[in-house]
Structures are given as structure tokens and as C-alpha cells.
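Presented below is the structure to which this report refers.
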């Protein structure tokens, strides 16, 4: 059965690492706006383009789910409303929806971002501690009640 998997977390929380692992294990189609924007030479901070790309990815994800393919959306999902929208949309298609919330303290996120930037990985931009602290003030972390609205991963992937 196809599944929609949402990865939620701030920069440096490990979304891409988890998404790549899950995509190979399940298998699933992984949609990552950062990678696409970088490949197309688009400024990763161009919010208008990011919004358009994420909307198009969501349309594509629904098509893939309808065809029986599992999909991983690596958007960050900083707002509860975004998570609710995707959960409701996928459930309307009869698809299970997982939410993976990746959290880490700001110091750890900064350490990971510094290491990632030092590697010079494509599709990454330097993010300052100040920016990360600002992002943390607008990020709406899912609470236990919200997490309970999502499906558990299959037993073969738990643990």
C-alpha cells in the first residue's frame, strides 16, 4: 500500500539523510525542493518560487500516490496547517500518512550545518546561528496530540 511520508524539522535536523534512507528501503519517490532549486540555479531563499515548486510537488505526489507509489515530501513542514493539509489530502486518497519529526538543540543543528557547509554539498547554503534561532521562533513543532493523528510506520521499519 502506498504511503505519504512527511519530514518535519529545522535545517540540519537530518531530513535529507532520513529521506534518502527511507526512499531506498520502502522504495519511495523523494521530493526535495532544495535539491531541485539548487539544480535549476534558483536562489534557495526565493520563497515565491519555493511555494510554487512545493505546490507542484504536492500535485505530483497525489498523482504518484494514486498510482500506488509511496512518496516522501522533504519540505520541512514548519507550520501545523501545512501538515494538516497534506494529511487530509492523502487520507482523501485512502493513503496512510506518516509524520517524522526530527528535533535537535540549536547547538547541534549549528554543528551539523557547519559540517555540511564544510563538505560543500550541492544544494546547501550557509545558515547562520542567528537565522537558525529566528527560524526556531516561527517553527511549530508537532505535539503529542498532533503526532497521534498520523499513522505509525509499518512494523518492518519501526525501531
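The values are calculated or read from the model by the stated rules, or taken from the named source; none is laboratory data. Values in this document were obtained by computation on a predicted structure and should not be read as measured data. Glycine also receives a Cβ, built like all others from the backbone with ideal geometry; neighbour counts cover every protein chain displayed.
Quick rundown of the values:
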{"quantity": "All positions within region 119-134 that are at pLDDT 80 or above and either part of a helix (DSSP H, G or I) or out of contact with any helix residue (DSSP H, G or I) (no Cβ under 6 Å at 6 or more places or on another chain) (or both)", "calculated": "128, 129, 130, 131, 132, 133, 134"}
{"quantity": "Criterion (within 17 Å of residue 19 (Cα to Cα) and either without any contact (Cβ under 8 Å) to a residue 12 or more places away in the chain or crowded, with 20+ Cβ neighbours inside 10 Å (or both)) met by exactly one of 73, 40", "calculated": "73"}
{"quantity": "Residues being surrounded by fewer than 12 Cβ atoms within 10 Å (Cβ to Cβ) and farther than 24 Å from residue 66 by Cα - total across region 43-52", "calculated": "4"}
{"quantity": "Considering residues of region 15-34 that are surrounded by fewer than 17 Cβ atoms within 10 Å (Cβ to Cβ) and under 12 Å from the mean Cα position of the chain (by Cα) only, the residue farthest from residue 71 (Cα to Cα)", "calculated": "17"}
{"quantity": "Given (1) within 26 Å of residue 71 (Cβ to Cβ); (2) surrounded by 13 or more Cβ atoms within 10 Å (Cβ to Cβ); (3) over 18 Å from the mean Cα position of the chain (by Cα), index of the condition residue 129 fails", "calculated": "(1)"}
